[in-house]
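Novice: Here you go, one structure.
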Amino acid sequence: MALSICRRLRDPLAEFSQLCNFANDVLNLPWGLLKKFVASERLKECLYEEFMTRVNEVGVDLNFAVEHYHYQSMVQFVCGLGPRKGDALLKLLKQNNENLESRTALVTNFKLGSRVFLNCAGFIRINHARDDSLNTENVQLLDSTRIHPETYIWATKMAIDALEYDDDEEDTNIKQRAIEETMEDPEKLRDLDLDAFAIELERQEYPDKRITLYDIRDELTNRYADKRVPYHALTDEERFYLLSNETPETFKEGIITLCKVIAIARRKPKGDEPDIQPKRNEENGMWQCPLCLRDNFPELSEIWNTLILQGVVLDKRSGSG
(Lines give C-alpha, C1' and ligand atoms only; values in the text may rest on other atoms or scores of the structure.)
Protein backbone atom coordinates (compact mmCIF):
# COMPACT_ATOMS: atom_id res chain seq x y z
CA MET A 1 0.00 0.00 0.00
CA ALA A 2 2.80 2.42 0.93
CA LEU A 3 4.59 1.71 -2.35
CA SER A 4 1.40 2.32 -4.32
CA ILE A 5 0.84 5.66 -2.57
CA CYS A 6 4.41 6.73 -3.39
CA ARG A 7 3.96 5.78 -7.04
CA ARG A 8 0.64 7.60 -7.14
CA LEU A 9 2.32 10.79 -5.97
CA ARG A 10 5.13 10.43 -8.48
CA ASP A 11 3.15 9.26 -11.51
CA PRO A 12 -0.61 8.92 -10.85
CA LEU A 13 -1.41 8.14 -14.49
CA ALA A 14 0.79 5.04 -14.50
CA GLU A 15 -0.48 3.88 -11.12
CA PHE A 16 -4.19 4.26 -11.87
CA SER A 17 -3.83 2.71 -15.33
CA GLN A 18 -3.08 -0.61 -13.58
CA LEU A 19 -6.72 -0.67 -12.50
CA CYS A 20 -7.82 -0.83 -16.14
CA ASN A 21 -7.75 -4.61 -16.26
CA PHE A 22 -10.07 -7.53 -17.03
CA ALA A 23 -11.69 -7.16 -13.59
CA ASN A 24 -12.44 -3.47 -14.30
CA ASP A 25 -11.08 -2.48 -10.90
CA VAL A 26 -11.07 1.13 -12.02
CA LEU A 27 -14.88 1.15 -11.64
CA ASN A 28 -14.54 0.40 -7.91
CA LEU A 29 -12.91 3.75 -7.19
CA PRO A 30 -15.11 6.40 -5.50
CA TRP A 31 -15.66 8.67 -8.49
CA GLY A 32 -18.07 10.93 -6.62
CA LEU A 33 -21.57 10.97 -5.13
CA LEU A 34 -23.21 10.94 -8.56
CA LYS A 35 -21.45 7.76 -9.68
CA LYS A 36 -24.53 5.63 -8.96
CA PHE A 37 -26.49 7.55 -11.59
CA VAL A 38 -24.08 6.57 -14.37
CA ALA A 39 -24.24 3.15 -16.02
CA SER A 40 -21.11 1.05 -15.52
CA GLU A 41 -20.50 0.59 -19.24
CA ARG A 42 -20.85 4.32 -19.86
CA LEU A 43 -18.49 5.12 -16.97
CA LYS A 44 -15.93 2.60 -18.23
CA GLU A 45 -16.13 4.01 -21.77
CA CYS A 46 -15.52 7.56 -20.55
CA LEU A 47 -12.69 6.56 -18.20
CA TYR A 48 -10.87 4.55 -20.87
CA GLU A 49 -11.28 7.39 -23.35
CA GLU A 50 -9.72 9.80 -20.84
CA PHE A 51 -6.86 7.39 -20.08
CA MET A 52 -6.18 7.06 -23.80
CA THR A 53 -6.13 10.83 -24.28
CA ARG A 54 -3.78 11.50 -21.37
CA VAL A 55 -1.41 8.61 -22.05
CA ASN A 56 -0.92 9.69 -25.65
CA GLU A 57 -0.40 13.27 -24.55
CA VAL A 58 2.56 12.36 -22.34
CA GLY A 59 3.89 9.50 -24.48
CA VAL A 60 5.05 6.07 -23.33
CA ASP A 61 8.69 5.13 -22.77
CA LEU A 62 8.85 1.46 -23.80
CA ASN A 63 12.36 0.97 -22.37
CA PHE A 64 11.14 2.18 -18.98
CA ALA A 65 8.04 -0.03 -19.26
CA VAL A 66 10.17 -3.14 -19.82
CA GLU A 67 12.17 -2.41 -16.67
CA HIS A 68 9.24 -1.39 -14.44
CA TYR A 69 6.18 -3.62 -14.30
CA HIS A 70 3.84 -1.00 -12.82
CA TYR A 71 4.40 1.21 -15.89
CA GLN A 72 3.48 -1.45 -18.46
CA SER A 73 -0.28 -0.96 -18.13
CA MET A 74 0.03 2.38 -19.92
CA VAL A 75 1.06 0.65 -23.16
CA GLN A 76 -2.48 -0.66 -23.72
CA PHE A 77 -3.66 2.92 -24.27
CA VAL A 78 -1.14 3.81 -26.99
CA CYS A 79 -3.10 4.61 -30.14
CA GLY A 80 -2.37 2.07 -32.84
CA LEU A 81 -1.28 -0.64 -30.39
CA GLY A 82 -4.00 -1.42 -27.88
CA PRO A 83 -3.80 -4.20 -25.25
CA ARG A 84 -2.97 -7.13 -27.55
CA LYS A 85 -0.29 -5.55 -29.75
CA GLY A 86 1.13 -3.62 -26.81
CA ASP A 87 1.56 -6.75 -24.71
CA ALA A 88 3.15 -8.61 -27.64
CA LEU A 89 5.62 -5.76 -28.21
CA LEU A 90 6.65 -5.71 -24.55
CA LYS A 91 7.23 -9.47 -24.59
CA LEU A 92 9.38 -9.14 -27.72
CA LEU A 93 11.49 -6.41 -26.11
CA LYS A 94 12.05 -8.61 -23.06
CA GLN A 95 12.91 -11.68 -25.13
CA ASN A 96 15.48 -9.82 -27.24
CA ASN A 97 16.92 -8.25 -24.11
CA GLU A 98 17.73 -5.01 -25.93
CA ASN A 99 16.67 -1.40 -25.65
CA LEU A 100 14.58 0.39 -28.19
CA GLU A 101 17.10 2.94 -29.48
CA SER A 102 14.90 4.68 -32.02
CA ARG A 103 11.35 4.69 -33.29
CA THR A 104 12.42 3.26 -36.64
CA ALA A 105 13.80 0.23 -34.77
CA LEU A 106 10.18 -0.77 -34.17
CA VAL A 107 10.11 -1.71 -37.85
CA THR A 108 13.71 -2.74 -38.53
CA ASN A 109 14.38 -4.71 -35.32
CA PHE A 110 10.98 -5.66 -33.97
CA LYS A 111 9.10 -6.19 -37.25
CA LEU A 112 6.21 -3.88 -36.46
CA GLY A 113 3.89 -3.49 -39.45
CA SER A 114 4.09 -0.22 -41.38
CA ARG A 115 0.46 0.70 -40.74
CA VAL A 116 0.72 0.00 -37.00
CA PHE A 117 3.99 1.94 -36.89
CA LEU A 118 2.45 5.00 -38.55
CA ASN A 119 -0.42 4.92 -36.06
CA CYS A 120 1.62 4.54 -32.87
CA ALA A 121 5.07 6.03 -33.61
CA GLY A 122 4.18 9.55 -32.51
CA PHE A 123 3.20 8.30 -29.05
CA ILE A 124 6.27 6.12 -28.42
CA ARG A 125 8.81 8.12 -26.48
CA ILE A 126 12.56 7.43 -26.52
CA ASN A 127 13.90 9.19 -23.44
CA HIS A 128 17.60 9.68 -24.14
CA ALA A 129 18.12 11.68 -20.97
CA ARG A 130 16.80 8.86 -18.78
CA ASP A 131 18.59 5.94 -20.46
CA ASP A 132 22.39 6.29 -20.71
CA SER A 133 22.73 2.80 -22.21
CA LEU A 134 21.40 3.88 -25.61
CA ASN A 135 23.82 3.89 -28.52
CA THR A 136 24.61 7.56 -29.16
CA GLU A 137 25.27 6.85 -32.84
CA ASN A 138 21.62 5.91 -33.37
CA VAL A 139 20.15 8.74 -31.32
CA GLN A 140 17.42 10.73 -33.08
CA LEU A 141 16.56 13.69 -30.87
CA LEU A 142 13.13 14.04 -32.42
CA ASP A 143 12.27 10.58 -31.02
CA SER A 144 11.95 12.29 -27.63
CA THR A 145 9.18 14.62 -28.87
CA ARG A 146 5.55 14.35 -29.95
CA ILE A 147 6.62 15.01 -33.55
CA HIS A 148 5.68 12.14 -35.85
CA PRO A 149 8.48 10.49 -37.91
CA GLU A 150 6.57 11.39 -41.09
CA THR A 151 7.23 15.07 -40.36
CA TYR A 152 10.86 14.81 -39.16
CA ILE A 153 12.00 16.26 -42.47
CA TRP A 154 9.90 19.40 -41.89
CA ALA A 155 11.08 19.76 -38.29
CA THR A 156 14.68 19.42 -39.45
CA LYS A 157 14.21 22.03 -42.17
CA MET A 158 12.66 24.43 -39.67
CA ALA A 159 15.68 24.01 -37.38
CA ILE A 160 18.16 24.50 -40.23
CA ASP A 161 16.33 27.58 -41.53
CA ALA A 162 16.13 29.08 -38.04
CA LEU A 163 19.90 28.77 -37.62
CA GLU A 164 20.53 29.75 -41.26
CA TYR A 165 22.63 26.66 -41.92
CA ASP A 166 23.28 25.32 -45.40
CA ASP A 167 20.65 22.69 -46.14
CA ASP A 168 22.87 19.73 -47.03
CA GLU A 169 20.63 16.69 -47.27
CA GLU A 170 23.58 14.31 -46.99
CA ASP A 171 25.10 15.79 -43.83
CA THR A 172 23.37 14.08 -40.92
CA ASN A 173 25.58 15.81 -38.35
CA ILE A 174 24.39 19.26 -39.41
CA LYS A 175 20.76 18.15 -39.11
CA GLN A 176 21.26 16.71 -35.64
CA ARG A 177 23.23 19.74 -34.50
CA ALA A 178 20.56 22.09 -35.83
CA ILE A 179 17.81 20.23 -33.95
CA GLU A 180 19.87 20.16 -30.75
CA GLU A 181 20.65 23.89 -30.91
CA THR A 182 17.05 24.89 -31.61
CA MET A 183 15.88 22.79 -28.66
CA GLU A 184 18.38 24.59 -26.44
CA ASP A 185 17.46 28.02 -27.84
CA PRO A 186 13.91 27.73 -29.25
CA GLU A 187 13.44 31.50 -29.56
CA LYS A 188 15.21 31.30 -32.92
CA LEU A 189 12.17 29.47 -34.28
CA ARG A 190 9.90 32.47 -33.67
CA ASP A 191 11.21 34.32 -36.72
CA LEU A 192 10.21 31.55 -39.14
CA ASP A 193 7.40 32.28 -41.60
CA LEU A 194 5.44 29.05 -41.22
CA ASP A 195 2.60 30.28 -43.43
CA ALA A 196 5.05 30.65 -46.34
CA PHE A 197 6.39 27.17 -45.54
CA ALA A 198 2.84 25.78 -45.69
CA ILE A 199 2.26 27.45 -49.08
CA GLU A 200 5.46 25.88 -50.39
CA LEU A 201 4.26 22.45 -49.23
CA GLU A 202 0.95 23.02 -51.02
CA ARG A 203 2.90 23.64 -54.21
CA GLN A 204 4.41 20.19 -53.66
CA GLU A 205 0.85 18.80 -53.59
CA TYR A 206 0.63 18.44 -49.81
CA PRO A 207 -2.65 19.39 -48.11
CA ASP A 208 -2.78 22.41 -45.82
CA LYS A 209 -0.16 21.73 -43.12
CA ARG A 210 -0.27 25.02 -41.21
CA ILE A 211 -1.58 23.46 -38.00
CA THR A 212 1.01 20.68 -38.20
CA LEU A 213 3.87 23.15 -38.70
CA TYR A 214 2.79 25.28 -35.76
CA ASP A 215 2.49 22.13 -33.60
CA ILE A 216 6.02 21.12 -34.61
CA ARG A 217 7.37 24.52 -33.60
CA ASP A 218 5.55 24.35 -30.26
CA GLU A 219 6.98 20.90 -29.59
CA LEU A 220 10.53 21.95 -30.45
CA THR A 221 10.05 24.91 -28.13
CA ASN A 222 8.77 22.90 -25.18
CA ARG A 223 8.89 19.13 -25.44
CA TYR A 224 5.92 17.29 -23.91
CA ALA A 225 4.48 20.44 -22.40
CA ASP A 226 1.35 19.89 -20.30
CA LYS A 227 -1.51 21.17 -22.48
CA ARG A 228 -4.32 20.42 -20.05
CA VAL A 229 -6.68 23.26 -19.23
CA PRO A 230 -6.90 24.31 -15.55
CA TYR A 231 -9.42 22.32 -13.49
CA HIS A 232 -12.73 23.92 -12.55
CA ALA A 233 -15.57 22.49 -10.49
CA LEU A 234 -18.68 21.52 -12.43
CA THR A 235 -21.77 23.67 -12.11
CA ASP A 236 -25.17 22.12 -11.38
CA GLU A 237 -26.15 22.71 -15.00
CA GLU A 238 -23.02 20.92 -16.29
CA ARG A 239 -23.70 17.98 -13.95
CA PHE A 240 -27.26 17.73 -15.27
CA TYR A 241 -26.15 17.62 -18.90
CA LEU A 242 -23.44 15.02 -18.15
CA LEU A 243 -25.85 12.75 -16.29
CA SER A 244 -28.75 13.13 -18.75
CA ASN A 245 -26.54 12.98 -21.86
CA GLU A 246 -28.37 16.08 -23.09
CA THR A 247 -26.99 19.40 -24.32
CA PRO A 248 -28.28 23.00 -24.10
CA GLU A 249 -29.38 22.57 -27.73
CA THR A 250 -31.35 19.33 -27.19
CA PHE A 251 -32.91 20.26 -23.83
CA LYS A 252 -34.17 23.82 -23.53
CA GLU A 253 -37.37 25.79 -23.05
CA GLY A 254 -39.88 25.05 -25.79
CA ILE A 255 -38.54 21.57 -26.59
CA ILE A 256 -41.17 18.80 -26.61
CA THR A 257 -39.83 15.75 -24.85
CA LEU A 258 -41.08 12.42 -23.50
CA CYS A 259 -41.10 11.78 -19.78
CA LYS A 260 -42.15 9.02 -17.42
CA VAL A 261 -44.04 9.56 -14.17
CA ILE A 262 -42.32 7.45 -11.53
CA ALA A 263 -44.23 8.67 -8.46
CA ILE A 264 -47.09 10.92 -7.43
CA ALA A 265 -47.04 12.96 -4.22
CA ARG A 266 -49.53 15.21 -2.50
CA ARG A 267 -49.19 18.20 -0.22
CA LYS A 268 -51.73 19.60 2.16
CA PRO A 269 -53.68 22.56 0.71
CA LYS A 270 -52.72 25.99 1.97
CA GLY A 271 -55.17 28.79 2.81
CA ASP A 272 -58.09 28.86 0.36
CA GLU A 273 -56.63 26.16 -1.90
CA PRO A 274 -59.11 23.32 -2.53
CA ASP A 275 -58.40 19.91 -1.07
CA ILE A 276 -57.85 17.56 -4.01
CA GLN A 277 -57.57 14.44 -1.90
CA PRO A 278 -59.74 11.72 -3.51
CA LYS A 279 -62.44 10.25 -1.31
CA ARG A 280 -63.51 6.63 -1.09
CA ASN A 281 -67.09 5.50 -0.74
CA GLU A 282 -67.02 2.89 1.98
CA GLU A 283 -70.31 1.33 0.80
CA ASN A 284 -69.37 0.45 -2.79
CA GLY A 285 -65.57 0.86 -2.63
CA MET A 286 -65.50 3.41 -5.48
CA TRP A 287 -63.32 6.53 -5.51
CA GLN A 288 -64.49 10.09 -6.20
CA CYS A 289 -62.38 12.67 -8.05
CA PRO A 290 -62.27 15.98 -6.10
CA LEU A 291 -62.28 18.02 -9.33
CA CYS A 292 -64.77 16.44 -11.71
CA LEU A 293 -66.71 14.82 -8.81
CA ARG A 294 -67.04 11.61 -10.75
CA ASP A 295 -67.54 8.90 -8.13
CA ASN A 296 -67.15 5.62 -9.98
CA PHE A 297 -63.38 5.18 -10.19
CA PRO A 298 -62.58 1.59 -9.20
CA GLU A 299 -58.86 2.33 -8.68
CA LEU A 300 -57.17 5.31 -7.03
CA SER A 301 -54.47 5.36 -9.75
CA GLU A 302 -57.12 6.24 -12.36
CA ILE A 303 -57.92 9.44 -10.48
CA TRP A 304 -54.29 10.47 -10.36
CA ASN A 305 -53.98 9.86 -14.10
CA THR A 306 -56.99 12.11 -14.64
CA LEU A 307 -55.48 14.85 -12.47
CA ILE A 308 -52.23 14.68 -14.45
CA LEU A 309 -54.08 14.98 -17.74
CA GLN A 310 -55.92 18.02 -16.37
CA GLY A 311 -52.59 19.71 -15.59
CA VAL A 312 -52.75 19.50 -11.80
CA VAL A 313 -49.24 19.98 -10.39
CA LEU A 314 -48.45 18.07 -7.24
CA ASP A 315 -45.29 18.92 -5.37
CA LYS A 316 -43.41 17.54 -2.40
CA ARG A 317 -43.21 13.81 -2.13
CA SER A 318 -45.22 12.32 0.75
CA GLY A 319 -46.40 8.92 1.83
CA SER A 320 -50.03 9.34 0.75
CA GLY A 321 -51.42 8.66 -2.68
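Novice: Once the convex hull of the alpha carbons of segment 177-252 is built, what does its volume come to per residue, in cubic angstrom? Present the calculation step by step, with values, prior to reporting the outcome.
Specialist: On the way: hull volume 13.8 nm³, N = 76.
Convex hull volume per residue, Cα atoms: 181 Å³.
Novice: Size of the dipole of the chain about the Cα centre, Lys and Arg at +1 and Asp and Glu at -1 on the beta carbon, nothing else charged, in debye to 20? Display every interim value, and only then the final one.
Specialist: Details: 42 positive and 57 negative charges, 477 e Å.
That gives the chain a dipole magnitude of about 2300 debye.
Novice: Between residue 116 and residue 98, what is 0.36 nm times their sequence separation minus the Cα-Cα distance? Round to one decimal in nm.
Specialist: On the way: separation 18, 0.36 × 18 = 6.48 nm, distance 2.09 nm.
Result for the pair: 4.4 nm of gain on full extension.
Novice: Another question about this same structure. Would you kindly state the longest site-free stretch of the chain, with sites defined as chymotrypsin sites (Phe, Trp or Tyr not before Pro) in a DSSP loop (not H, G, I, E, B) surrounded by at most 16 other Cβ atoms within 10 Å?
Specialist: Values: sites that count: 22, 31, 110, 165, 224, 231, 251.
The answer is 32-109.
Novice: Using 0.36 nm per residue of separation minus the Cα-Cα distance, give me the extension gain between residue 252 and residue 23 in nm, one decimal.
Specialist: Details: separation 229, 0.36 × 229 = 82.44 nm, distance 3.96 nm.
Gain on extension, residue 252 to residue 23, equals 78.5 nm.
Novice: Sticking with this one: Take residue 241 and residue 226, extend 7 Å from each Cα along the Cα→Cβ direction, and tell me the distance between the two endpoints in nm.
Specialist: 2.6
Novice: Take the chain, mark every one of the trypsin sites (Lys or Arg not before Pro) that falls in a DSSP loop and has at most 16 other Cβ within 10 Å, then report the longest stretch left between them, sites excluded. All intermediate terms of the calculation are to be shown ahead of the outcome.
Specialist: On the way: sites that count: 111, 130, 227, 228, 252, 260, 267, 270, 294, 316, 317.
It works out to 1-110.
Novice: Turning to a different aspect of this structure: Where does helix 194-203 land angle-wise versus the long Cα axis of the chain, in degrees 0 to 90, nearest 10?
Specialist: Result, in degrees: 80.
Novice: Moving to a separate point now. Nearest 10 degrees, 0 to 90: what angle lies between the long axis of helix 82-96 and the longest principal axis of the chain (Cα atoms)?
Specialist: Once rounded, the angle reads 30 degrees.
Novice: Among 148, 119, 258, which residue has its Cα furthest toward the positive end of the charge dipole of the chain, with +1 on Lys/Arg Cβ and -1 on Asp/Glu Cβ?
Specialist: The residue sitting farthest along the positive end of the dipole is 258.
Novice: Helix-only mean residue ellipticity at 222 nm, the chain, DSSP H runs n ≥ 4 weighted -39,500 (n - 2.57), per residue, nearest 500. What is it? Before the final figure, lay out each step's value.
Specialist: Numbers: 13 runs with 132 residues, N = 321.
About -12000 deg cm²/dmol.
Novice: How much accessible area per residue does the chain have, counting only protein heavy atoms and a probe of 1.4 Å, in square angstrom?
Specialist: With all protein chains present, the chain gives 67 Å² per residue.
Novice: How about residue 36: which lysines have a C-alpha closer than 26 Å to its C-alpha, ignoring those fewer than 8 places off in the same chain?
Specialist: Straight-line reach from residue 36, under 26 Å: 44, 252, 260, 316.
Novice: Can you tally the net charge around residue 90? Count Lys and Arg as +1, Asp and Glu as -1, for every other residue whose Cβ sits under 15 Å from the Cβ of residue 90. Walk me through the numbers on the way to the answer.
Specialist: Values: positive: 84, 85, 91, 94, 111, 125; negative: 61, 67, 87, 98.
So the environment of residue 90 carries a net charge of +2.
Novice: Using the C-alpha atoms of segment 1-109, what convex hull volume per residue, in cubic angstrom, is computed? Before the final figure, lay out the partial values.
Specialist: Working: hull volume 13.3 nm³, N = 109.
Roughly 122 Å³ of hull volume per residue.
Novice: Quick one: helix 152-163 against the long Cα principal axis of the chain, what's the angle to the nearest 10°, folded into 0 to 90?
Specialist: 60
Novice: Work out the FRET efficiency for residue 165 and residue 204 from their Cβ-Cβ distance, taking R0 = 25 Å, and round it to the nearest 0.05. Intermediate results must be reported in sequence, preceding the final value.
Specialist: Details: r = 21 Å, r/R0 = 0.86.
The formula returns an efficiency of 0.70 here.
Novice: What's log10 of I(q)/I(0) for segment 80-238 at q = 0.13, 0.17 Å⁻¹, Debye sum over Cα points only, no solvent?
Specialist: Per q value, in the given order, log10 I(q)/I(0) is -0.73, -1.10.
Novice: Taking the Cα centre of the chain as the origin and placing charges on Cβ (Lys, Arg +1; Asp, Glu -1), which of 139, 96, 286 is farthest toward the positive end of the dipole?
Specialist: Value computed over the given set: 286.
Novice: Now, a different point. Which residues does a label at residue 91 reach in segment 9-27, if reach means a backbone N under 17 Å from a point 7 Å past the Cα toward the Cβ?
Specialist: Answer for segment 9-27: 22.
Novice: How charged is the neighbourhood of residue 146? Take every other residue with its Cβ under 15 Å from the Cβ of residue 146, and add Lys/Arg as +1 and Asp/Glu as -1.
Specialist: Net of charged neighbours comes to -1.
The values are calculated or read from the model by the stated rules, or taken from the named source; none is laboratory data. Just so it is clear, the model here is predicted, and its values are computed rather than measured. Here Cβ is always computed from backbone atoms with ideal geometry, including for glycine, and neighbour counts include all displayed protein chains. Accessible surface is based on the protein model in full, side chains and every heavy atom, while ligands, DNA and RNA are left aside. Shrake-Rupley method; radii C 1.70, N 1.55, O 1.52, S 1.80 Å.
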